[in-house]
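**Student:** Mind looking over this structure? Questions follow.
Any read-out appearing in this document is the output of simple, stated calculations on the displayed coordinates, not a laboratory observation. Treat the numbers as computed from the prediction; the structure is a model and nothing was measured. A quick note on method: Cβ atoms are made from the backbone with ideal geometry, for glycine too, and the neighbour counts reach across all protein chains shown.
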């Protein structure tokens, strides 16, 4: 049966857990902050293996998304990770983090080739995606549309207004990150996004506002900032964004797999 959302129940739709020193305590702090589910991303094969183990350690709390980050696109072959994903496809809640980064040192031709491999897997496995699109928003959307992948999130979106319009027109969503508390550009994009296309994330352990490494509990910071931007109460926005997350990533509805 699907889990019913109550007051202040937050879904963190984008977290990296492999480098958090004490995951048990971090999960306890997340629960205390109202974070009920975490969509855990991977960057490469090592982090994908960790993410799978973490999802088994915390069933119904951590849900795995596997992919090869564009920063890692020329560091290792995609095939071993794709094989791992194929072997665990029934456990996966999404494919991610994947995408393109115009500021990365990895050649764009390499990034595009790898991105297409993981989009093909997402399409074949009927899985949504969590995408990275720094400086390459139009290119990422073009690849998604060419591949036929129509369900997913542009995470921590701070791109141009025109790119936001295009991705929303394509049926995709964006996430509010903790940086919404300080980034005017990110705030503008959140304000311009329909509530039905908005989710929240921690993007831990990425620090924000020059602070220390973050944890999944930082999804509450993102929620509070987005609530102020949208004029809603945190409780109401938690209800909306968590419902959105479970619609975009349907396997988050399960207690476990």
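**Student:** Can you tell me, using C-alpha contacts under 8 Å and at least 6 residues apart, the relative contact order of the chain as a whole percent?
**Tutor:** On the way: 539 pairs, mean separation 62.8, N = 257.
Computed value for the chain: 24 percent relative contact order.
**Student:** Name the residue, out of 244, 74, 210, whose mean-square fluctuation peaks in a Gaussian network model built on the chain with Cα pairs under 10 Å.
**Tutor:** Taking springs between Cα atoms under 10 Å, the residue moving most is 210.
**Student:** Can you work out the FRET efficiency for the pair residue 161 and residue 236, with r the C-beta to C-beta distance and R0 = 25 Å, to the nearest 0.05? Before the final figure, lay out each step's value.
**Tutor:** Working: r = 25 Å, r/R0 = 1.02.
E(calc), rounded to 0.05, equals 0.45.
**Student:** Right, here's the next one. If R0 is 35 Å, what FRET efficiency do you get for residue 86 and residue 145 from their C-beta distance, rounded to 0.05?
**Tutor:** On the way: r = 24 Å, r/R0 = 0.69.
That gives a FRET efficiency of 0.90.
**Student:** Let me ask something else. Please find the FRET efficiency linking residue 210 to residue 25, where r is the Cβ-Cβ separation and R0 is fixed at 22 Å, and quote it to the nearest 0.05. Kindly include the intermediate steps, with their values, before the conclusion.
**Tutor:** Working: r = 24 Å, r/R0 = 1.07.
About 0.40, to the nearest 0.05.
**Student:** Just to be sure I understand the model, the point goes 7 Å from the Cα along the line to the Cβ. What's the resulting residue 74 to residue 191 distance in nm?
**Tutor:** If labels sit at residue 74 and residue 191, their model points lie 4.0 nm apart.
**Student:** Label-point separation (nm) for residue 254 and residue 228, each offset 7 Å from Cα along Cα-to-Cβ?
**Tutor:** Using points 7 Å along Cα→Cβ, the separation is 3.9 nm.
**Student:** Give, in nm to one decimal, the length gained when the segment between residue 120 and residue 56 is fully stretched (0.36 nm per residue of separation minus the Cα-Cα distance).
**Tutor:** Numbers: separation 64, 0.36 × 64 = 23.04 nm, distance 2.59 nm.
In short, 20.4 nm is gained.
**Student:** Here's another thing I want to ask about it. From the square roots a ≥ b ≥ c of the eigenvalues of the alpha-carbon gyration tensor of the chain, which class results: rounded (a/c under 1.5), prolate (a/b over b/c), or oblate? Write down the numbers at each step before the final one.
**Tutor:** Details: a/c = 1.43, a/b = 1.14, b/c = 1.26.
Because its axes are fairly even, with a/c under 1.5, the chain counts as rounded.
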